[in-house]
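Participant: Dropping the structure in here first, questions after.
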């Protein structure tokens with residue numbers, strides 16, 4: 001795989017990494033801390049909610065900061081909730097090769113299934129965390145173990161970021177302790193990784209897919225590139241502003257947005273193998 005980067009490509013990578021979730025030093029302070037309500041390994045799924053929910057953060061993020069509000073909300077609704085960190089490069093999460101991160105997710109799913117006795121899980125991911133599981137589904141046998149993948153602002157077809165930061169910002173954003181942020185490279189539109197990922201199509205038979213996007217996304221751009229192609233019985237693509245026009249949540253805010261969280265709950269509440277209801281209207285308050 002070639003890693004030659006043009007100035008325009010570096011600008012894209014810098015925007016993706018630097019804008020996505022915050023600075024690495026701050027994130028390292030909460031290493032391996034579970035968000036409220038998550039990783040109770042004694043939890044057993046109920047008849048009403050038979051699939052454990054695994055929360056997957058995005059680039060530079062960790063589970064504690066990314067899922068601080070959604071995790072307890074889902075737990076209060078009766079779900080068994082789990083979350084993980086992955087893809088660490090020099091202690092910074094979700095910066096390693098995306099394919100390697102998918103293998104870590106595969107191992108975590110197996111652990112959750114063994115602990116809970118469930119047949120399948122539901123995955124809810126943000127940004128890279130909404131795209132990376134598709135590699136697990138399509139290339140690592142995960143389709144038989146996942147009921148539903150819900151992506152919040154996922155980088156399904158990469159980003160074509162339009163903002164050009166300074167050279168110093170580029171170097172800081174794409175370098176982690178002297179090592180390249182390979183996940184940033186992998187998420188550039190047209191990258192070898194994304195070419196491989198999408199070579200088999202946007203979906204695979206079995207799981208349902210729901211994508212939740214915001215028009216205010218300045219990181220994974222253009223925002224419609226986040227959507228997945230597939231039959232309506234399997235795929236639902238939702239733009240937050242089509243439901244709540246005055247919602248101004250951007251890429252990083254989306255997981256904590258109450259409207260987004262209501263859309264996630266609706267998606268997870270659908271019958272097995274069905275995506276979110278495109279007609280569902282969440283409260284915009």
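Any read-out appearing in this document is the output of simple, stated calculations on the displayed coordinates, not a laboratory observation. Just so it is clear, the model here is predicted, and its values are computed rather than measured. With ideal geometry, Cβ positions are generated from the backbone for all residues, glycine too; neighbour counts draw on all protein chains shown.
Participant: I want to make sure I understand the PRE zone here: with the label point 7 angstrom from the Cα of residue 103 toward its beta carbon, which residues in the range 114-144 have backbone N atoms less than 16 Å away?
Facilitator: 133, 135-142
Participant: Something else about it: Tell me whether the range 194-285 comes out rounded, prolate or oblate; compute the Cα gyration tensor, take square roots of the eigenvalues as a ≥ b ≥ c, and use a/c under 1.5 as the rounded threshold. Present the calculation step by step, with values, prior to reporting the outcome.
Facilitator: Details: a/c = 2.31, a/b = 1.24, b/c = 1.87.
Because a/c hits 1.5 or more and a/b fails to exceed b/c, the range 194-285 counts as oblate.
Participant: Stretch residue 248-residue 42 to full length: gain in nm at 0.36 nm per residue minus the Cα-Cα span? Spell out each step's value before the answer.
Facilitator: Working: separation 206, 0.36 × 206 = 74.16 nm, distance 3.82 nm.
So the extension gain works out to 70.3 nm.
Participant: Give me the percent relative contact order of the range 49-91, please, defined on Cα pairs under 8 angstrom at least 6 residues apart.
Facilitator: Values: 40 pairs, mean separation 22.6, N = 43.
Result for the range 49-91 is 52 percent.
Participant: Measuring from centroid to centroid over Cα atoms, what is the spacing of the range 69-134 and the range 222-251 in Å?
Facilitator: What the calculation gives is 22 Å, centre to centre.
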